[in-house]
Amino acid sequence: MSYRECFPIFKNKTYLNSCSQGALAIDGQLAYAQYLRDWEEQGSPWELWVEKLEATRHAFAGLVNAEADEVAVTGSVSHSVSALASALDFHGPRHKVVVSDFEFPTMGQIWHAQTPRGAKVVHVPAAGNSIPLERFADAIDDQTLLVSITHVCYRNGVMLDVSAIVDLAHRKGAFVLLDAYQTLGTLPIDVKALKVDFLAGGTLKYLLASSGQAYLYVRKELLPTLQPTAAGWFTQANIFAMDNNAHTPSPTARKFEAGSPPVPNLYATLAGIKLIQSIGPARIQQEVREVTGAIKEGALKRGWNLVSPIDPTQHGALIALRSHKVDLLVKWLAEDGIIVSSRDNNLRISPHFYNNQSDVNRLIDSLTKHKQLLV
Ligand SMILES: Cc1ncc(COP(=O)(O)O)c(C=O)c1O
């Protein structure tokens, strides 16, 4: 079976919306069915489910070259980052959080929620469709505690220069949190090589699972210094201690978790990550570059307004085109069986390894038909 045949949606649709939700693989369906079977046949197999939780932790760790003890398995990026925020002290000499204007709003919202706790949020503004490095250099200073950046912007596909920003932050003594939701699964990520202190992401998009599953990487040297006040029984050193009289957090990144894990999603996540690893992030990156390259070429040849950078090293698996009636364009494309999405005035076209040139041809044909909506 070819990889594409593992995704039934391609029998009926041209699916190009992985930045919102990855396509459902047969393996994902089987994983959910297995969950229901285990539940039906075994009733309450919590030992098995805790094993799945640990297997998921190892799978996430393997994807980003972390150690399993550096990974918290959570239900959303919002939870991961809120738990991290609860462990930060904004009353010392460092109280600033530098946030890029390319962040998914949950990031800005969580950091602004810390202002009653002493945090000051400093935004790094975009200059058109990019954020020049000098703007980060201007914003990061000796009072900066954390720099919170996305790997790829969910609105326009622009990729930030993570290593350069980490370098700027570390030279000033600030930590870096990388939001890798829009990249993990589409390219190799190595937290040690990138030297990020924290990394958050989830499975909904390019890791081929559903919502309700995410993770947080915390660099191991920082673990003893961070004590989240967001807590729960799955954050305890011994989950099954059942001690109502004390809080004894795990020394590992598990202290950033909360309560019962999203068990059905663990099954799907393990299946999704297995599929990604069987192809390999480096090969996926190559395949995504071929498809995004063909989309850009088709758009540029026709004079359409490409919002994402032309240079493939400066964008992710998301190509944005400007439209003056983007909601209508998404609707008309859907009528032609092409699934894409929009943010701002941008049409977002986001392929994964399962897309190919025939998808690009159908997309370009349909866009040509509706070109009056492009600018
Ligand atoms: C880059 C990025 N970060 C964070 C999120 C939100 O994650 P969650 O809903 O798991 O909190 C999204 C969701 O689309 C996203 O694209």
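Step by step: first the residues of segment 161-201, then only those that are touching a residue at least 60 places away in the same chain (Cβ under 8 Å) and surrounded by fewer than 21 Cβ atoms within 10 Å (Cβ to Cβ), then the one that is farthest from the ligand (Cβ to nearest atom). Which residue is that? Ranking the qualifying residues of segment 161-201, first place goes to 173. Against the condition farther than 23 Å from residue 199 by Cα and hydroxyl-bearing (Ser, Thr, Tyr), how does residue 74 come out, does it pass? Judged against the criteria, residue 74 is not a match. Counted as qualifying within segment 18-98 are the helices (runs of 4 or more DSSP H) with 1 or more residues that are within 16 Å of the ligand (Cβ to nearest atom) and touching a residue at least 40 places away in the same chain (Cβ under 8 Å), namely 46-64, 77-86.
Candidates in segment 15-30 are the residues that are crowded, with 21+ Cβ neighbours inside 10 Å and hydroxyl-bearing (Ser, Thr, Tyr); of these, the one that is farthest from residue 330 (Cα to Cα) is 18. Within segment 353-362, restricting attention to residues that are touching a strand residue (DSSP E or B) at 6+ places or on another chain (Cβ under 9 Å) and crowded, with 24+ Cβ neighbours inside 10 Å, the residue that is farthest from residue 325 (Cα to Cα) is 354.
Run down 298, 259, 232, 280 and say which single residue is within 30 Å of residue 373 (Cα to Cα), out of contact with any strand residue (DSSP E or B) (no Cβ under 9 Å at 6 or more places or on another chain) and surrounded by fewer than 23 Cβ atoms within 10 Å (Cβ to Cβ). Steps first, please.
Details: 259 fails: within 30 Å of residue 373 (Cα to Cα); 232 fails: within 30 Å of residue 373 (Cα to Cα); 280 fails: within 30 Å of residue 373 (Cα to Cα).
None of the other options fit; the residue is 298.
Within segment 103-130, the residues that satisfy the criterion of being in contact (Cβ under 8 Å) with a residue 40 or more places away in the chain and more than 9 Å from the ligand (Cβ to nearest atom) are 129, 130.
Within segment 235-256, restricting attention to residues that are of a type outside the set (Gly, Ala, Ser) and under 17 Å from residue 59 (Cβ atoms), which residue is surrounded by the fewest Cβ atoms within 10 Å (Cβ to Cβ)?
Result: 252.
Based on what the data block shows, is residue 338 hydrophobic (A, V, I, L, M, F, W, C) and in contact (Cβ under 8 Å) with a residue 60 or more places away in the chain? Criteria met by residue 338. Just one of the listed residues (216, 222) is within 17 Å of residue 178 (Cα to Cα), within 14 Å of the ligand (Cβ to nearest atom), outside any loop (DSSP other than H, G, I, E, B) and at pLDDT 95 or above, namely 216.
The values are calculated or read from the model by the stated rules, or taken from the named source; none is laboratory data. Note that the coordinates shown come from a computational prediction; the quantities given were computed from them, not determined experimentally. In this analysis, Cβ positions are derived from the backbone assuming ideal geometry, glycine residues included, and neighbour counts consider all displayed protein chains.
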